[in-house]
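These notes are about the structure you will find just below.
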Amino acid sequence: MHQQVNPGAAHPFTARFTARVTACVAALAALLLIALGGSPGAALAAAPPAAGGPPAAAASPYPSVGPGTHFLDDASYLAGVADPGWYEANIPFVDLPDTTLQSVYYYRWRDYKEHLRYTDPADGWISTEFLDCCGYAAPYQAINAAAGHQITEGRWLRDQSYDDDYIRFWLTGPGAGSKPQTDGVNADTSDWAHEYSVWLATAAYQQAQVTGDFSRLRTLLPALVRQYRGWDGQFDARLGLYWSVPVWDAMEFSASSYASGDPYHGGAGFRPTLNSYQYGDAMAISAIAAGAGDQTLAAEYAGRAAALKASLQKWLWDPSRGFYYTMARDGNPDHKLSDTREEIGYIPWMFGAAQPSDAPAWSQLGDPQGFASAYGPTTAERRSPWFMHEAGNCCRWDGPSWPFATSQTLTGLANLLDDYPAQSTVGKEDFAAALATYAKTQTRNGTPYVAEAHDPDSDRWIYDGYDHSEDYNHSTFDDLVLSGLVGLRPQEGGALRVQPLVPASWDHFAAENVPYHGHNVTVLWDRDGSHYHQGAGMRIYLDGRLVRSSAALRDTTVGVGATVPAPPSALVDDAANPLRQGYPKPLASYTWTYDNAWNALDGKVWFNEVPENTRWTNYSSPNAQDYYGVDFGAPTTVADVRWYGYDDGGGVRPAAAYRVQFWDGTAWQDVPGQVRDSAAPVGNGLNRVTFPPLTTTKLRLLFTDPPGAFVGVSEFQAWGPSSPDATLAVGPVNANGLVTLGGSTAVDVTVRNTTGARLDAAAVRLGVPDGWTATPAGGGPDTVAAHGSAVWHFTVAAPAGVAPGAEAALMATASYRPHNGAAESTHRLQNAVRAFCSRCVDSAAPLCGR
């Protein structure tokens, strides 16, 4: 992957969080407020506290673990971890005899959490590769190259909104949007989801195998097919293979690249990468289509997969050298294969595309002249003339140990051992040893750490740019522990295969309360019963109940019953604006010179483990009090404020006190009925404040500085209810995506029903800034058909004195009742601009879009 170093400042964090629970009182109250709200554009005061006492606390922001076992002390694995409540609610806990494996396992969940980024209420969460990125990334700094790894790692979390949003991002969201066809972002493709080769359908299907819920995938089936066919331009029908360019396999300066005349790009070739990915994606699409009842599509993609597998074997497998190789596309009339075994030759096993007879290729993994190394495997065999050529400079993939490739190789090895016929080349001990080496590689100075590439023979990261490569999120590890080492092999249907690949010497291990099909699965191995005191042998628990036991550690399959689907997330963060364009905007009375007020609305929450800066502070402010907050630009309903504090242990410390305030149209007022999850402000961690829903255009935190120090905010969030059962569009928009508003302008709100059921009692409101008006133009429909859409018309008028080019915002809110369901609402903020001239409103004049 390209290397680019970005400036930033250190920002230490440590954190704690105590969650409180009750049911969805705040969300229900918000819906009532929407239904009963005043005229559009009016600033609404807070609803009064409920009669009979203070309001109840809102539900925890994290999912409930549910029934399970309690053999492990979760807190003991999270010592010193910021925001432990997130981990306790989300991750499977493991107990492993190998302390390096165990420490890297928990570190990699922290790494995963750091890379979660909230985009906006429409698109939700993504996972980033770099903490701060680069000019070749898609919107929100997303890069598709490692999306398959990121989705696969995240499938084991209890909160699947991260994966669900991220899959949609690449298939139907901004990640599926158009990009320039230029060399800097791949001149061969036209959208971001095809910038790099990737295996989206496979990863999405494997996520559903863990959750047990395939309904979302079936809805996305047309998008999955479109993603697959997006590679048609790189398909050679004569050979039955796809070609790709090494740099767009994220492998610039590889061994096969140096053999071409263009070492950076590498020259187009038929490679095990994209062809294996497309095989896996075809198999996934076939399975999803079969589940959706589309047998024609299922048969088509099963046929595509079979043909691709045969072509891989025919053209890229060399029986004399026993390996899969790259074949140059151009200037190669004899179809010669490359002279070097590269680690990508193991990718076919990751997707089940290799033949059982190909297993001897795995002897190269432990061959001293093959891929074996103390911190490997290597990305090219040692006997290659290109091994470690110019590898002192980033980024060369001709020998360095690369976590991206190691993840693929170890996933393929686990598949060989679990899913292929028995063979004698490699065994369980080889997988366990390779995973232990991978864990050892992911340290720096004795502490868990991952960067871009590691020296294969010495304990040092060689591609580790300061303020750029830290905690690089470009591989899997925790999935290898759970699906490989512990042996949890997800299935479609009501069963789970358990096939551990642990060393024979281990006398114990545990994976506790692993989310699977809406249940909790615990696997224990205790050779003599002395470690967990539950009896000797292997035990498997489902939702806290013992369902299988044996004296020996062995492969087994257990039934888990019907899937319990997780409810879709119905809350969105209306304060996030990572693109830093239009509304919402930050409000700050003072910002330190080396900080930026936008940092705390950028959708990122980092702590002190990395040097990048994602904070606001009032360091060196002359004021006794300072505020930080958000200007939504239009009336917005909020009932849940979450802000992550910052404490560097020196000049920035936890606030002495703070007040949550809202703008009532004329002045700032304290939000009534506040319930705080922490009595004292938390410096490095989550501060959560819930209250009866109120509608306002602005929110802020008013801080009192601690004695001799200042305060900081890593992220400010304002959460409100917004159902995914509908999406909204406000328009028409100009070329810059803005609604152009004149003195009086027609504006349409389109509501699209995302469900298979009718939406009844439909109504739409359009909120506008103080002083503006939005008048309905006609009554609008009462229902929205299943998977259909309906339009409501408004006339928006600006007050006198609004300057041409002035920014504005509109808040559209649709309320409805799903057929035979409870009342819901969905909202969307749309940025707008005051027209420069009257003709701009009715034309697409360039001036309108400024």
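The values are calculated or read from the model by the stated rules, or taken from the named source; none is laboratory data. Here the structure is a predicted model, which is why all the values come from computation and not from measurement. Note that each Cβ is placed from the backbone with ideal geometry, even for glycine, and that neighbours are counted across all protein chains shown. The protein model used for the area step is the full one, side chains on, heavy atoms only, and it has no ligands, DNA or RNA in it. Shrake-Rupley method; radii C 1.70, N 1.55, O 1.52, S 1.80 Å.
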Search region 705-716 for residues that are at positive phi and pair each with any residue that is in a loop (DSSP other than H, G, I, E, B) and open to solvent by 10 Å² or more (accessible area, probe 1.4 Å) when their beta-carbon atoms are under 9 Å apart and the residues are at least 6 apart or on different chains. Gly708/Gly651; Gly708/Arg653
Take region 395-425 and flag every residue that is hydroxyl-bearing (Ser, Thr, Tyr) and in contact (Cβ under 8 Å) with a residue 40 or more places away in the chain. Ser401, Thr406, Ser407, Thr409, Thr411, Tyr420, Thr425
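Against the definition (within 28 Å of Ser161 (Cβ to Cβ), in contact (Cβ under 8 Å) with a residue 12 or more places away in the chain and crowded, with 22+ Cβ neighbours inside 10 Å), how does Val749 come out, yes or no?
Numbers: within 28 Å of Ser161 (Cβ to Cβ): yes; in contact (Cβ under 8 Å) with a residue 12 or more places away in the chain: yes; crowded, with 22+ Cβ neighbours inside 10 Å: yes.
When the stated conditions are applied, Val749 passes them.
For every residue, the table says whether it meets (1) on the phi < 0 side of the Ramachandran plot; (2) modelled with pLDDT of 95 or more; (3) buried (at least 24 other Cβ atoms within 10 Å of the Cβ); (4) not aromatic (Phe, Trp, Tyr).
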site: Leu131; (1), (2), (3), (4): yes, no, yes, yes
site: Tyr136; (1), (2), (3), (4): yes, yes, no, no
site: Gln150; (1), (2), (3), (4): yes, yes, yes, yes
site: Ile167; (1), (2), (3), (4): yes, yes, yes, yes
site: Thr172; (1), (2), (3), (4): yes, yes, no, yes
site: Gly184; (1), (2), (3), (4): yes, yes, no, yes
site: Ala203; (1), (2), (3), (4): yes, yes, yes, yes
site: Ser215; (1), (2), (3), (4): yes, no, no, yes
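How about region 753-763: which of its residues are within 31 Å of the chain's Cα centre (by Cα) and not in a loop (DSSP other than H, G, I, E, B)? Break it down into steps so the answer makes sense when it comes.
The first filter runs over region 753-763 and keeps only residues within 31 Å of the chain's Cα centre (by Cα), leaving 753-759.
Residues satisfying the conditions are Asn753, Leu759.
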What are the residues in region 724-745 that are touching an Asp or Glu at 6+ places or on another chain (Cβ under 9 Å) and surrounded by fewer than 17 Cβ atoms within 10 Å (Cβ to Cβ), if any? Gly731, Pro732
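Would you confirm, using the coordinates I've provided, whether Arg676 is open to solvent by 50 Å² or more (accessible area, probe 1.4 Å) and in contact with a Lys or Arg (Cβ under 9 Å, 6 or more places away or on another chain)? Even if it seems obvious, please write down each step before you answer.
Numbers: open to solvent by 50 Å² or more (accessible area, probe 1.4 Å): yes; in contact with a Lys or Arg (Cβ under 9 Å, 6 or more places away or on another chain): yes.
So Arg676 passes the test.
Taking the stated definitions as given, is Asp648 under 26 Å from Ser825 (Cβ atoms) and among the acidic types (Asp, Glu)?
When the stated conditions are applied, Asp648 does not pass them.
Strands (runs of 3 or more DSSP E) wholly in region 426-544 with at least 2 residues that are of a type in the set (A, V, I, L, M), in contact (Cβ under 8 Å) with a residue 60 or more places away in the chain and more than 30 Å from Phe130 (Cα to Cα) - which ones?
Numbers: elements: 461-463, 495-498, 508-516, 519-526, 537-542.
Of the strands (runs of 3 or more DSSP E) lying wholly inside region 426-544, those with at least 2 residues that are of a type in the set (A, V, I, L, M), in contact (Cβ under 8 Å) with a residue 60 or more places away in the chain and more than 30 Å from Phe130 (Cα to Cα) span 495-498.
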Need pairs with beta-carbon distance below 8 Å; first residue more than 13 Å from Ala146 (Cβ to Cβ) and of a type in the set (Val, Ile, Thr) and within region 190-211, second part of a helix (DSSP H, G or I) and open to solvent by 10 Å² or more (accessible area, probe 1.4 Å); sequence gap 6+ or separate chains. Thr202/Met283
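Go through Ser723, Ser815 for me and flag whichever is in a loop (DSSP other than H, G, I, E, B) and of a type in the set (Ser, Thr, Tyr). Break it down into steps so the answer makes sense when it comes.
On the way: Ser815 fails: in a loop (DSSP other than H, G, I, E, B).
Only one candidate passes the filter, namely Ser723.
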Any idea how many residues of region 545-569 are within 13 Å of Val498 (Cα to Cα), of a type outside the set (A, V, I, L, M) and either under 30 Å from the mean Cα position of the chain (by Cα) or not in a loop (DSSP other than H, G, I, E, B) (or both)? 6
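May I ask you to list the residues in region 335-359 that are part of a loop (DSSP other than H, G, I, E, B) and in contact with a Leu (Cβ under 7 Å, 6 or more places away or on another chain)?
Within region 335-359, the first condition is being part of a loop (DSSP other than H, G, I, E, B), and the residues that meet it are 335-336, 338-341, 351-355.
If the condition is that a residue be part of a loop (DSSP other than H, G, I, E, B) and in contact with a Leu (Cβ under 7 Å, 6 or more places away or on another chain), then Ala353 is the only one that fits.
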Expected single match for in contact with a helix residue (DSSP H, G or I) (Cβ under 9 Å, 6 or more places away or on another chain) and either free of Cβ contacts under 8 Å to residues at least 60 places away in the same chain or of a type in the set (S, T, N, Q) (or both) among Thr696, Thr740 is Thr740
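Please state which one of Ser789, Ser825 is open to solvent by less than 60 Å² (accessible area, probe 1.4 Å), farther than 14 Å from Val747 by Cα and modelled with pLDDT of 90 or more.
Values: Ser789 fails: open to solvent by less than 60 Å² (accessible area, probe 1.4 Å).
Only one candidate passes the filter, namely Ser825.
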One residue from Asn577, Asn613, Asn623, Asn596 being of a type outside the set (A, V, I, L, M) and in contact with a His (Cβ under 8 Å, 6 or more places away or on another chain): Asn613
Specify which of the listed residues (Gln669, Gln661) is within 29 Å of Ala798 (Cβ to Cβ), part of a strand (DSSP E or B) and open to solvent by 60 Å² or more (accessible area, probe 1.4 Å). Gln669
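Considering only residues that are of a type outside the set (A, V, I, L, M, F, W, C), on the phi > 0 side of the Ramachandran plot and open to solvent by 20 Å² or more (accessible area, probe 1.4 Å), which ones fall in region 220-273? Lay out the reasoning, then the answer.
In the first step, residues of region 220-273 are kept if they are of a type outside the set (A, V, I, L, M, F, W, C); the result is 222, 226-230, 232-234, 236, 238, 240, 242, 244, 246, 249, 252, 254, 256-258, 260-267, 269, 271-273.
Now restrict to residues that are on the phi > 0 side of the Ramachandran plot: 240, 266-267.
Of everything in region 220-273, just one residue is of a type outside the set (A, V, I, L, M, F, W, C), on the phi > 0 side of the Ramachandran plot and open to solvent by 20 Å² or more (accessible area, probe 1.4 Å), namely Gly267.
For region 60-67, does any single residue satisfy the condition of being touching a residue at least 24 places away in the same chain (Cβ under 8 Å) and crowded, with 24+ Cβ neighbours inside 10 Å? Reasoning before the result, please.
First, the residues of region 60-67 that are touching a residue at least 24 places away in the same chain (Cβ under 8 Å): 60-67.
With the extra rule that they be crowded, with 24+ Cβ neighbours inside 10 Å, the set shrinks to none.
No: zero hits.
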Need the failing condition index for Ser505 against (1) of a type in the set (Gly, Ala, Ser); (2) open to solvent by less than 30 Å² (accessible area, probe 1.4 Å); (3) more than 24 Å from the chain's Cα centre (by Cα), just the number. (2)
On the given criteria, is Leu738 touching a Gly at 6+ places or on another chain (Cβ under 7 Å), among the aliphatic types (A, V, I, L, M), within 30 Å of Tyr87 (Cβ to Cβ) and at pLDDT 95 or above? no
For region 302-323, does any single residue satisfy the condition of being open to solvent by less than 30 Å² (accessible area, probe 1.4 Å) and assigned to a loop (DSSP other than H, G, I, E, B)? yes
Whether any residue in region 392-408 is among the aromatic types (Phe, Trp, Tyr), farther than 28 Å from Glu153 by Cα and in a loop (DSSP other than H, G, I, E, B) is what I want to check. no
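Conditions tested, residue by residue: (1) under 30 Å from Leu546 (Cβ atoms); (2) touching a residue at least 40 places away in the same chain (Cβ under 8 Å).
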| position | (1), (2) |
| --- | --- |
| Asp83 | no, yes |
| His115 | no, yes |
| Trp125 | no, yes |
| Ala138 | no, yes |
| Thr152 | yes, yes |
| Tyr162 | no, yes |
| Leu171 | no, yes |
| Thr182 | no, no |
Which numbered condition in (1) aliphatic (A, V, I, L, M); (2) over 23 Å from Thr476 (Cβ atoms); (3) touching a residue at least 40 places away in the same chain (Cβ under 8 Å) is the only one that Ala75 fails? (3)
Region 339-383, subset of a type in the set (Asp, Glu) and over 14 Å from Thr425 (Cβ atoms), residue surrounded by the fewest Cβ atoms within 10 Å (Cβ to Cβ): Asp339
Is there a residue in region 644-653 that is aliphatic (A, V, I, L, M) and out of contact with any Gly (no Cβ under 7 Å at 6 or more places or on another chain)? no
Those residues of region 444-471 which are open to solvent by 10 Å² or more (accessible area, probe 1.4 Å) and of a type in the set (Phe, Trp, Tyr) amount to Tyr449, Trp461, Tyr466
